[in-house]
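Inspection log for the structure reproduced underneath, given as structure tokens.
The values are calculated or read from the model by the stated rules, or taken from the named source; none is laboratory data. None of these values were measured; they are calculated from a predicted model. We place every Cβ from the backbone using ideal geometry, glycine too, and count neighbours over all the protein chains shown. Keep in mind that these areas ignore ligands, DNA and RNA; they rest on the heavy atoms of the full protein, side chains included. Shrake-Rupley method; radii C 1.70, N 1.55, O 1.52, S 1.80 Å.
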Amino acid sequence: MRHKLKLKYYPYTLELKHVFTVASNSRSTTPVVLTEIEYEGCIGYGEASMPPYLGETQESVMKFLSSVDLSGYTNVFDLESILAEVDAIAPGNTAAKASIDIALHDLTGKLMNQPLFNILGLNKDKTPFTSVTIGIGTPDVIREKINEAGEFKILKVKLGRDNDKEIIETIRAVTCKPITVDVNQGWKDREQALDMVHWLKGKNVILIEQPFSKDRIEDTAWLTNRSPLPVIADESVQRLADVIKAKGIFSGINIKLMKCTGIREACKMIILAKALGLKVMLGCMTETSCAISAASQLSSLADYTDLDGALLINNDVFEGTKIVDGKIMLSDLPGIGVEKIDKRKT
Ligand code: MG
């Protein structure tokens with residue numbers, strides 16, 4: 001009997017430990033869809049995470065996945081062809097596509113009985129420290145979050161409203177750890193932004209993510225050219241074709257599996273970014289340890305890593321990559337290195 005790839009998927013809602021606030025919105029849950037691809041009794045796990053501001057929903061992901069037919073593929077290892085055809089089904093739907101990509105990487109790793117980092121030729125000991133996000137809140141809440149983040153070596157903070165200096169000063173009253181700043185397109189004036197970047201550099205901030213709205217290319221290039229800190233694209237760069245446009249505008253790019261359709265395209269983006277002299281940041285959405293473990297397989301290639309998504313939720317359903325003293329620790333299990341915590345939930 002010829003074996004077939006079988007795709008299953010179901011919606012799941014992540015409960016956030018803290019209300020999550022960025023420049024544009026606040027929320028306490030994140031909808032995801034969990035996928036499983038089975039072949040010869042072996043199951044690969046995948047995940048699509050859809051923070052609401054990115055446009056995908058559980059409904060849109062399940063609609064997309066219902067149009068994916070993997071049963072005709074005879075070579076399960078031919079991810080290049082399978083994923084190109086999945087990508088061609090419809091534009092957008094990047095998180096839905098990532099859920100297939102992740103599940104297939106997990107599955108093929110399990111069929112080869114090797115962790116993905118080995119298959120990719122990467123050294124698991126060379127994983128970096130990840131930052132952990134300290135969301136915007138009252139000074140008391142900020143102090144509480146810094147205490148919770150005790151083991152982490154790098155803090156990430158969301159700025160871009162009218163109290164940026166106050167937030168940094170509140171953190172600096174408690175800790176001198178390096179900080180990465182994500183403005184989420186929140187700054188409006190380039191001269192003020194440059195002054196702020198100089199001030200932030202004096203406060204041991206190490207990078208600025210997406211200072212301006214993604215359509216303000218000239219202002220971003222102006223700031224990057226003068227900035228004493230690297231300016232990293234997030235909202236401005238989604239997929240492989242966007243990487244070349246970041247050259248000369250940003251110092252680097254933040255690659256997220258949910259934006260770029262998964263591990264396969266993320267690898268291509270990393271290679272291109274490095275060839276263009278762009279720094280590579282590896283980021284995430286709020287996600288279970290499934291998608292985080294997938295992204296962390298690539299983490300030794302990144303200049304900066306922001307893979308704290310699974311730590312921000314109360315109801316993870318996977319065990320995989322762990323963060324130990326702030327460092328990403330990959331599991332030795334095959335594929336993306338995850339185990340389902342409670343199999344009854346499938
Ligand atoms: Mg960002």
The number of residues in the range 39-86 that are touching a strand residue (DSSP E or B) at 6+ places or on another chain (Cβ under 7 Å), in contact (Cβ under 8 Å) with a residue 60 or more places away in the chain and of a type in the set (A, V, I, L, M, F, W, C) is 6
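Here's the yes/no breakdown for (1) surrounded by 14 or more Cβ atoms within 10 Å (Cβ to Cβ); (2) under 19 Å from the mean Cα position of the chain (by Cα); (3) in the same structural domain as Ser293 (by TED's automatic domain parsing):
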position: Ser26; (1), (2), (3): no, yes, no
position: Thr30; (1), (2), (3): yes, yes, no
position: Gln58; (1), (2), (3): yes, yes, no
position: Ser71; (1), (2), (3): no, no, no
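Please verify whether the range 259-273 includes one or more residues that are within 30 Å of Lys203 (Cα to Cα), assigned by TED's automatic domain parsing to the domain that holds Ser213 and of a type in the set (S, T, N, Q). Steps first, answer last, please.
Initially, the range 259-273 is screened for residues within 30 Å of Lys203 (Cα to Cα), giving 270, 273.
Now narrow it down to the ones that are assigned by TED's automatic domain parsing to the domain that holds Ser213: 270, 273.
Next, from what is left, pick out any that are of a type in the set (S, T, N, Q): none.
The answer is no; no qualifying residue exists.
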Go through the range 169-191 and count every residue that is more than 14 Å from the ligand (Cβ to nearest atom) and either within 14 Å of Thr224 (Cβ to Cβ) or among the acidic types (Asp, Glu) (or both). 4
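Matching residues to (1) surrounded by fewer than 23 Cβ atoms within 10 Å (Cβ to Cβ); (2) more than 14 Å from the ligand (Cβ to nearest atom); (3) under 22 Å from Val19 (Cα atoms):
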{"position": "Ile217", "(1), (2), (3)": "yes, yes, no"}
{"position": "Thr224", "(1), (2), (3)": "yes, yes, no"}
{"position": "Asp242", "(1), (2), (3)": "yes, yes, no"}
{"position": "Lys245", "(1), (2), (3)": "yes, yes, no"}
{"position": "Ser251", "(1), (2), (3)": "yes, yes, no"}
{"position": "Asn254", "(1), (2), (3)": "no, no, no"}
{"position": "Ile263", "(1), (2), (3)": "no, yes, no"}
{"position": "Ala275", "(1), (2), (3)": "yes, yes, no"}
For Lys165, all conditions in the list (1) in contact (Cβ under 8 Å) with a residue 60 or more places away in the chain; (2) open to solvent by 10 Å² or more (accessible area, probe 1.4 Å) hold save one; what is the number of the exception? (1)
Going through the range 42-69 in order, the residues found to be modelled with pLDDT under 95 and over 17 Å from Pro91 (Cβ atoms) are Pro51, Pro52, Tyr53
Counting only residues that are open to solvent by 10 Å² or more (accessible area, probe 1.4 Å) and out of contact with any helix residue (DSSP H, G or I) (no Cβ under 9 Å at 6 or more places or on another chain), how many does the range 279-312 have? 3
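Quick one: which of Leu120, Leu159, Leu194 is within 16 Å of the ligand (Cβ to nearest atom) and in contact (Cβ under 8 Å) with a residue 12 or more places away in the chain?
On the way: Leu120 fails: within 16 Å of the ligand (Cβ to nearest atom); Leu194 fails: within 16 Å of the ligand (Cβ to nearest atom).
Residue meeting the stated conditions: Leu159.
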Residues being open to solvent by less than 30 Å² (accessible area, probe 1.4 Å) and not in a loop (DSSP other than H, G, I, E, B): count how many of those fall in the range 74-114. 20
On the given criteria, is Asp234 in contact (Cβ under 8 Å) with a residue 24 or more places away in the chain and within 19 Å of Leu276 (Cα to Cα)? yes
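Yes/no per residue for (1) at pLDDT below 95; (2) touching a Ser or Thr at 6+ places or on another chain (Cβ under 8 Å); (3) in a helix (DSSP H, G or I); (4) hydrophobic (A, V, I, L, M, F, W, C):
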position: Thr130; (1), (2), (3), (4): no, yes, no, no
position: Val141; (1), (2), (3), (4): yes, no, yes, yes
position: Glu144; (1), (2), (3), (4): yes, no, yes, no
position: Gly150; (1), (2), (3), (4): yes, no, no, no
position: Thr170; (1), (2), (3), (4): yes, no, yes, no
position: Val174; (1), (2), (3), (4): yes, no, no, yes
position: Lys177; (1), (2), (3), (4): no, no, no, no
position: Trp187; (1), (2), (3), (4): no, no, no, yes
position: Gln192; (1), (2), (3), (4): no, no, yes, no
Quickly run through the range 211-263 and pick out the residues that are over 20 Å from Asn93 (Cβ atoms) and of a type in the set (D, E, K, R). Asp215, Arg216, Glu218, Asp219, Arg226, Lys245, Lys247
Tell me whether the range 201-212 contains one or more residues that are under 30 Å from Val86 (Cα atoms), open to solvent by less than 50 Å² (accessible area, probe 1.4 Å) and of a type in the set (Phe, Trp, Tyr). no
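Filter the range 117-141 for residues that are open to solvent by less than 60 Å² (accessible area, probe 1.4 Å) and out of contact with any strand residue (DSSP E or B) (no Cβ under 9 Å at 6 or more places or on another chain) and give the result.
Just the residues of the range 117-141 that are open to solvent by less than 60 Å² (accessible area, probe 1.4 Å), to begin with: 117, 122, 124, 127-128, 130-137, 139, 141.
Hits for the range 117-141 are Phe117, Leu122, Pro139.
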